[in-house]
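This report concerns only the one structure given below.
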Amino acid sequence: MALAGACGAAPAPALRLHVPSPDWRDQVIYFVVTDRFADGDRSNDDQGAGEFKPGDADHYNGGDLAGLTQHLDYIRGLGATALWITPPVANQWLAPGGRSAGYHGYWAENFTRVDRHLGTLDDYRRLSDALHRRGMYLVQDIVVNHTGDYFGYRGGWDAADPARHLVLHTDTPPVPRPSQPPFDLDDPRDPVQRAAAIYHWTPDLSDYNDPVQLMDYQMAGLDDLNTENPVVRSALRASYDGWIRDVGVDAFRVDTAFYVPPAFFDDFLHARDAAAPGVLEAARRTGRRDFLVFGEGFGIDRPGQDLQSRRIAAYMTDPQGRPLLPGMLNFPLYGALGDVFARGHAAAELGARIRSMLAVFPRPHEMVNFVDNHDVERFLAAGSVAGLKQALLALMTLPGIPALYYGTEQGFKVPRAAMFAAGYASGGVDHYDRGAPLYRAIAAMTALRRGQRLFSRGLPTVLAANPARAGAIAWRTDWRARAGLASALVVFNSSDRPSLLDALPTGLAPGTRLRGLYGIDGRPADLVVGPGGRLTLALAPRAGLVWKVSRAPASGARAGAVAAVSIDALPDAVEEGDFEVAGSARGAARLQLVVDGDLGAAAAVVPGADGRWRATVHTAALDDGASHRVTIWAPHGDAVASRTFGFRRHWRTLVDAAIPPGHDRGPNGRYRYPVGDDWAAVDPMALRRVAVAGAGGALRLDLTLAGLSRVWNAPNGFDHVVFTIYIELPGRPGGATVMPLQNASLPGGMRWQLRLRVGGWTNALFGPEGASATDEGRPLTPGARVSVDRAARRVRIELPAALTGPRLAGARILVTTWDYDGAYRALAPQPGPYTLGGGAADDPKVMGDSGIIVVP
């Protein structure tokens, strides 16, 4: 099938459309939402259907293919070698009702045409040519699961008769139904169209545990294609073959792959059909022997679990071991990077995820790794710049293809903000600054990866990772190249405080030299591996360090440590409360007692004349249930000894408050949910009870709702509500009264020192520094722990004593509800599909609240 506009003609010979495939392991991908990147041709912005509203989050803003071509040197300067663009195909411009637009490209009406807002087929070819002439590659986002939203159901659904309750959405521009055969056969009331079975004709997906719904029901109202139908399969192959042949696309990313049976991809990739071959065969015909196809499988595993990882792996290899998709987006790693580097979880969570991905994914080097993208909130919406640099350095030093989301290099916090001045959330200025600190930092990291192939080819061995808190994590990466074994040591401190990495078992011979290669804050000094192949390092806050292993022994290798220390045995488990430890020391006049690697809280210890020492371990800041470690360290003698222990807290209920009716319809009592049965029927923003518990200085909130929604399968276990929680801590100075982004201020003279934003896809903690009506404040770690009891309709949120302690008596807490999707949802006089109603746009964004709760 020739692409619309191609007319079967061969591409102009002057264009360099077809180049051999690269080794994808060595590439760095830059991902853009095309509509939000650059407006290179203003003549195509407004197609006159009300879909173009520059500066509006939900409508076309004007970015196009010509704009991308004009800024390729900016992208290449970052170190990116491939450009991934959102689907360029002709889209449904407006959703039914006209409240949002298909600017993103995922609502196709014709899989063979370029959407008019983005330009022409020739514009797309020029982009391909410009990339290839720079030694870069083109990745196109594609959809095989659905088209746009051209039909739905109202008042019921009958599986035996899909024509019953059917509603056709024929008033959506630019066409009333897909214009491409056979996808135009979307009306089951017509016996011919019904017999063609191009669609499943189903309602919206509501139960993600039902495999039939997963494969056959509509995602967010988008018309689900019958991908088991050979006619559908052939049409999809022919459509996407055309983009390879006529434009020179080098790779595909497959949207919503989880909602198509894995077996579909065997046909899509390998079908032996002369007219519509599998896309890998179509690519081979253009000289591409390693055409990359990677799928989206939005699944994030909780620590210690790999259910979603195995589900992702099932799309890479079938039960008989035959390969399916070459790669997948690495959502489990994305989750761990955010938890550890943005939210301050224990560093061991990342260590466990690295081990898991190497064990579970059949081709870890072809996974596509990322720290954020267009479907999740940006890293900086909850994390710090220092944490972002660490997450990016991890991407560059782990197996898998790094994918950078546009705007990361400019410090963006809004998911789909525009790079150009006229676009959404741009602040009225362009954002193509090659001197921006993050741009320069990322360019240095991509240079590190390009210059050291062992990071794209090697395998990491996790050597140590703090199991109790944010802190040290280290891995050694090894690659057996033709020239011999190449190795590197990668070390992070994910804490905002100095950390001790003691007695690291490097797996290297004593005396091995480590050459400083890269550091986030400057290249580290060279090191020499100590006795027993171990190293002890004092790490600065938020350090990220890389050393290259030199196989030649270091000249003048240092002698063994002259000091020796020990710790007496500890009980396996310690109940809450401080306790004493003791031990012996030889050759060390001064020691430091370090708990869980936290050098910032280390206690000075002086041994007695008999060499014995004694100290107190303070437990106020320790997390409940974690494995903890106490270390005695002689900094000048480089001697360490450690013991592990368990720790348990006893939680006590401090407040159990029922929330009376009338607190769940906004300040004026007239707020209404967005339109749609999944909102009003569930009542997900109505608080019914708030229970506050304490354990030492640790804080736990149990929030019971009128109804708990999970229809969107959010990773935190609930959706359709975000809790914004304000905490005033006793005895703490300062604080803020503003309720950022909610158009309100705290009542009752309350001032907050801690503010949480917890929803299905978000978990962020802030301090009041810099907070304003438009700025959420300073990101803090460690973040909250979130769990859900679905049967009890309860969300549990825990904060460690390190943030809320040492005491809770006198604390004041306010819990508010709204919803959040990269930003707090809009409020308008009348509700819309994703807009709350009953107020003006600048009225308070508070649907329900707990009232001020005072902890006795």
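The values are calculated or read from the model by the stated rules, or taken from the named source; none is laboratory data. The shown structure was predicted, so the numbers you read here are calculated from the model rather than taken from an experiment. No Cβ is skipped: glycine too gets one built from the backbone with ideal geometry, and neighbour counts run over all protein chains shown. Each accessible area value is taken on the protein alone, full model and side chains, heavy atoms only, with ligands, DNA and RNA left out. Shrake-Rupley method; radii C 1.70, N 1.55, O 1.52, S 1.80 Å.
Quick look at the numbers
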{"quantity": "Positions within the stretch 588-611 being assigned to a loop (DSSP other than H, G, I, E, B) and either within 22 Å of residue 573 (Cα to Cα) or under 30 Å from the mean Cα position of the chain (by Cα) (or both), in sequence order", "calculated": "596, 597, 602"}
{"quantity": "Filtered residues of the stretch 507-529 (kept if without any contact (Cβ under 8 Å) to a residue 40 or more places away in the chain, of a type outside the set (D, E, K, R) and either within 11 Å of residue 545 (Cα to Cα) or open to solvent by 20 Å² or more (accessible area, probe 1.4 Å) (or both))", "calculated": "516, 519, 522, 524, 525, 527, 528"}
{"quantity": "Criterion (open to solvent by 60 Å² or more (accessible area, probe 1.4 Å) and modelled with pLDDT under 95) met by exactly one of 639, 681, 626, 604", "calculated": "681"}
{"quantity": "Contacts under 8 angstrom Cβ, first residue in the stretch 292-307 being open to solvent by 10 Å² or more (accessible area, probe 1.4 Å), partner assigned to a helix (DSSP H, G or I) and hydroxyl-bearing (Ser, Thr, Tyr), 6 or more apart", "calculated": "300/334; 301/309; 301/356; 306/356"}
{"quantity": "Leading residue by the ranking (farthest from residue 700 (Cα to Cα)) among those in the stretch 612-623 that are open to solvent by less than 10 Å² (accessible area, probe 1.4 Å) and either touching a Phe, Trp or Tyr at 6+ places or on another chain (Cβ under 8 Å) or assigned to a loop (DSSP other than H, G, I, E, B) (or both)", "calculated": "617"}
{"quantity": "Long-range neighbours under 6 Å by Cβ, at least six apart or interchain, first residue more than 9 Å from residue 415 (Cα to Cα) within the stretch 361-382, second part of a helix (DSSP H, G or I) and among the aromatic types (Phe, Trp, Tyr)", "calculated": "370/334; 371/379"}
{"quantity": "Test: residue 148 is open to solvent by less than 10 Å² (accessible area, probe 1.4 Å) and either at pLDDT 95 or above or closer than 30 Å to residue 444 by Cβ (or both)", "calculated": "yes"}
{"quantity": "Scan of the stretch 218-235 for residues that are on the phi < 0 side of the Ramachandran plot, assigned to a loop (DSSP other than H, G, I, E, B) and surrounded by 19 or more Cβ atoms within 10 Å (Cβ to Cβ), ordered by number", "calculated": "223, 227"}
{"quantity": "Scan of the stretch 837-856 for residues that are over 11 Å from residue 747 (Cβ atoms) and part of a loop (DSSP other than H, G, I, E, B), ordered by number", "calculated": "838, 839, 840, 841, 842, 843, 845, 847, 850, 855, 856"}
{"quantity": "Listing of strands (runs of 3 or more DSSP E) fully contained in the stretch 727-802 that carry 2 or more residues being of a type in the set (Gly, Ala, Ser) and crowded, with 19+ Cβ neighbours inside 10 Å", "calculated": "763-767"}
{"quantity": "Residues of the stretch 346-360 classified as open to solvent by 10 Å² or more (accessible area, probe 1.4 Å) and either touching a Leu at 6+ places or on another chain (Cβ under 7 Å) or modelled with pLDDT under 95 (or both), total", "calculated": "2"}
{"quantity": "Some residue of the stretch 829-839 being within 23 Å of residue 780 (Cα to Cα), open to solvent by 40 Å² or more (accessible area, probe 1.4 Å), over 27 Å from the mean Cα position of the chain (by Cα) and of a type outside the set (Phe, Trp, Tyr)", "calculated": "no"}
{"quantity": "Residues being more than 37 Å from the chain's Cα centre (by Cα) and not aliphatic (A, V, I, L, M) - total across the stretch 624-648", "calculated": "5"}
{"quantity": "Of all residues in the stretch 477-506 being part of a strand (DSSP E or B) and open to solvent by 40 Å² or more (accessible area, probe 1.4 Å), the one that is farthest from residue 550 (Cα to Cα)", "calculated": "505"}
{"quantity": "Residue match in the stretch 413-431 (condition: out of contact with any Gly (no Cβ under 9 Å at 6 or more places or on another chain), of a type in the set (Phe, Trp, Tyr) and open to solvent by 10 Å² or more (accessible area, probe 1.4 Å))", "calculated": "no"}
{"quantity": "Extreme residue, nearest to residue 629 (Cα to Cα), among residues of the stretch 507-524 that are under 33 Å from the mean Cα position of the chain (by Cα) and in a loop (DSSP other than H, G, I, E, B)", "calculated": "507"}
{"quantity": "Search result, residues across the stretch 440-467 that are touching a Ser or Thr at 6+ places or on another chain (Cβ under 6 Å) and within 19 Å of residue 356 (Cβ to Cβ)", "calculated": "458, 460, 467"}
{"quantity": "Residue check, residue 700 charged (D, E, K, R) and assigned to a strand (DSSP E or B)", "calculated": "yes"}
{"quantity": "Residue list for the stretch 132-145, filter: of a type outside the set (S, T, N, Q), open to solvent by less than 10 Å² (accessible area, probe 1.4 Å) and in contact with a helix residue (DSSP H, G or I) (Cβ under 7 Å, 6 or more places away or on another chain)", "calculated": "136, 138, 142, 144"}
{"quantity": "Of the criteria (1) in contact (Cβ under 8 Å) with a residue 40 or more places away in the chain; (2) closer than 18 Å to residue 234 by Cα; (3) in contact with a Phe, Trp or Tyr (Cβ under 7 Å, 6 or more places away or on another chain), which one residue 326 fails", "calculated": "(2)"}
{"quantity": "Only one of 758, 711, 655 that is out of contact with any helix residue (DSSP H, G or I) (no Cβ under 8 Å at 6 or more places or on another chain), closer than 29 Å to residue 377 by Cα and of a type in the set (Val, Ile, Thr)", "calculated": "758"}
{"quantity": "Residue, farthest from residue 694 (Cα to Cα), within the stretch 803-819, restricted to residues that are crowded, with 19+ Cβ neighbours inside 10 Å and at pLDDT below 95", "calculated": "803"}
{"quantity": "Options 175, 192, 167; residue that is of a type in the set (A, V, I, L, M), within 19 Å of residue 89 (Cβ to Cβ) and out of contact with any Pro (no Cβ under 7 Å at 6 or more places or on another chain)", "calculated": "175"}
{"quantity": "Hits in the stretch 174-192 (condition: closer than 22 Å to residue 110 by Cβ and open to solvent by 30 Å² or more (accessible area, probe 1.4 Å))", "calculated": "174, 175, 176, 177, 179, 181, 184, 185, 190, 192"}
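Let's see how each residue does on (1) touching a Gly at 6+ places or on another chain (Cβ under 8 Å); (2) closer than 19 Å to residue 251 by Cα; (3) free of Cβ contacts under 8 Å to residues at least 24 places away in the same chain; (4) assigned to a helix (DSSP H, G or I):
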| site | (1), (2), (3), (4) |
| --- | --- |
| 55 | yes, no, no, no |
| 58 | no, no, no, no |
| 62 | yes, no, no, no |
| 67 | yes, no, no, yes |
| 76 | no, yes, no, yes |
| 80 | no, yes, no, no |
| 84 | no, yes, no, no |
| 90 | no, no, no, no |
| 98 | yes, no, no, no |
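Each row is one residue, and each column tells you yes or no for (1) of a type in the set (A, V, I, L, M, F, W, C); (2) in contact (Cβ under 8 Å) with a residue 24 or more places away in the chain.
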residue: 595; (1), (2): yes, yes
residue: 600; (1), (2): no, yes
residue: 608; (1), (2): no, no
residue: 626; (1), (2): yes, yes
residue: 639; (1), (2): yes, yes
residue: 648; (1), (2): no, yes
residue: 654; (1), (2): yes, yes
residue: 657; (1), (2): yes, yes
residue: 661; (1), (2): no, no
